[in-house]
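Visitor: Mind having a look at this structure? Questions to follow.
The values are calculated or read from the model by the stated rules, or taken from the named source; none is laboratory data. Everything numeric here is computed off the predicted structure, so don't read it as measured data. As a convention, Cβ positions derive from the backbone with ideal geometry for all residues, glycine included, and neighbour counts pool all protein chains shown. Calculation scope for accessible area: heavy atoms of the full protein, side chains included, ligands and nucleic acids excluded. Shrake-Rupley method; radii C 1.70, N 1.55, O 1.52, S 1.80 Å.
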Amino acid sequence: TINYHGHRMSLSQVVPLDVYNETAYSLIAETNYSNHYSFYTEKTVKPILGQRLFVMLSGQYSLRNLRNMGFKTFDNVIDESYDLIFDDNQRYAAAFEQVKKLCSMPQQEVYEAIKDTVEHNFNIVMSRNWTHYSTDKITEIVNR
C-alpha cells in the first residue's frame, strides 16, 4: 500500500497519469486471456479512466464483451477484428498490427475520432454501481 493524495491504497489503484501524458495510447496485457470468459482488471480500467484508446491482448471476444457491458471501443479508428480470432498468437499478432497502424496515424486526428468514445467509457465507469451491476448479472445467469 501507498499514501496517494492523503489516501492509503494499493499501488495498482493509482492511474499513472504522468506516464499516460508521455504516451499516446495503451496496450493492455490483461491478466486473464482465456477464450471462455472475460475477466477485466485494473489493467483495463486504468486506460478507460485515463480516457485513452487501447488495444487489448486478452482472450477472444474481450472487446465484444466490453461492448455488451455498454462500453464503446475504437473500431472507427482501428480494425478490431483481432478480437474474433481464437488462436492467441494470431490474435496478438493481429492486435500488434493495429498498434503499428496507430503509430503511423496523425495523433490529433485519432484524438478527435475517439473523443466521444473515451468520454462515454469514462462516464460508464464513474457512474455505474458495479456491485449492483455484478449482482444483477449473476442473478440473471442463475435464474436462467
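Visitor: Can you tell me which of (1) more than 23 Å from Tyr20 (Cβ to Cβ); (2) hydroxyl-bearing (Ser, Thr, Tyr); (3) surrounded by fewer than 20 Cβ atoms within 10 Å (Cβ to Cβ) is the one Ser38 doesn't meet?
Guide: Condition (3) is where Ser38 drops out.
Visitor: Quick one: which of Ile85, Ile28 is open to solvent by 20 Å² or more (accessible area, probe 1.4 Å) and in contact with a Lys or Arg (Cβ under 6 Å, 6 or more places away or on another chain)?
Guide: The match here is Ile85.
Rundown of residues vs (1) hydroxyl-bearing (Ser, Thr, Tyr); (2) more than 25 Å from Tyr4 (Cα to Cα), yes/no style:
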{"residue": "Glu22", "(1), (2)": "no, no"}
{"residue": "Ser26", "(1), (2)": "yes, no"}
{"residue": "Phe39", "(1), (2)": "no, yes"}
{"residue": "Gly50", "(1), (2)": "no, no"}
{"residue": "Arg64", "(1), (2)": "no, yes"}
{"residue": "Gly70", "(1), (2)": "no, yes"}
{"residue": "Phe74", "(1), (2)": "no, yes"}
{"residue": "Gln90", "(1), (2)": "no, yes"}
{"residue": "Val99", "(1), (2)": "no, yes"}
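Visitor: Has the stretch 2-19 got at least one residue that is in contact with a Phe, Trp or Tyr (Cβ under 9 Å, 6 or more places away or on another chain), modelled with pLDDT under 95 and either hydroxyl-bearing (Ser, Thr, Tyr) or not in a helix (DSSP H, G or I) (or both)?
Guide: Looking through the stretch 2-19, at least one residue is in contact with a Phe, Trp or Tyr (Cβ under 9 Å, 6 or more places away or on another chain), modelled with pLDDT under 95 and either hydroxyl-bearing (Ser, Thr, Tyr) or not in a helix (DSSP H, G or I) (or both).
Visitor: Can you tell me how many residues within the stretch 45-58 are among the polar types (S, T, N, Q), in contact with a strand residue (DSSP E or B) (Cβ under 8 Å, 6 or more places away or on another chain) and surrounded by fewer than 21 Cβ atoms within 10 Å (Cβ to Cβ)?
Guide: Residues meeting the conditions: 0.
Visitor: Given the residues Glu80, Glu22, which is the only one that is in contact with a helix residue (DSSP H, G or I) (Cβ under 8 Å, 6 or more places away or on another chain), acidic (Asp, Glu) and on the phi < 0 side of the Ramachandran plot?
Guide: Glu80
Visitor: For the stretch 65-82, how many residues meet the condition of being open to solvent by 30 Å² or more (accessible area, probe 1.4 Å) and touching a His at 6+ places or on another chain (Cβ under 8 Å)?
Guide: 1
Visitor: Let me ask something additional. Across the stretch 106-139, which residue is least open to solvent (accessible area, probe 1.4 Å) among those that are hydroxyl-bearing (Ser, Thr, Tyr) and at pLDDT 95 or above?
Guide: The residue in question is Thr117.
Visitor: Among the residues that make up the stretch 97-105, is at least one of them out of contact with any Pro (no Cβ under 6 Å at 6 or more places or on another chain), modelled with pLDDT of 95 or more and assigned to a loop (DSSP other than H, G, I, E, B)?
Guide: Yes, because at least one residue in the stretch 97-105 is out of contact with any Pro (no Cβ under 6 Å at 6 or more places or on another chain), modelled with pLDDT of 95 or more and assigned to a loop (DSSP other than H, G, I, E, B).
Visitor: Filter the stretch 28-40 for residues that are part of a loop (DSSP other than H, G, I, E, B) and in contact (Cβ under 8 Å) with a residue 12 or more places away in the chain and give the result.
Guide: Glu30, Thr31, Asn32, Tyr33, Ser34, Asn35, His36, Tyr37, Ser38, Tyr40
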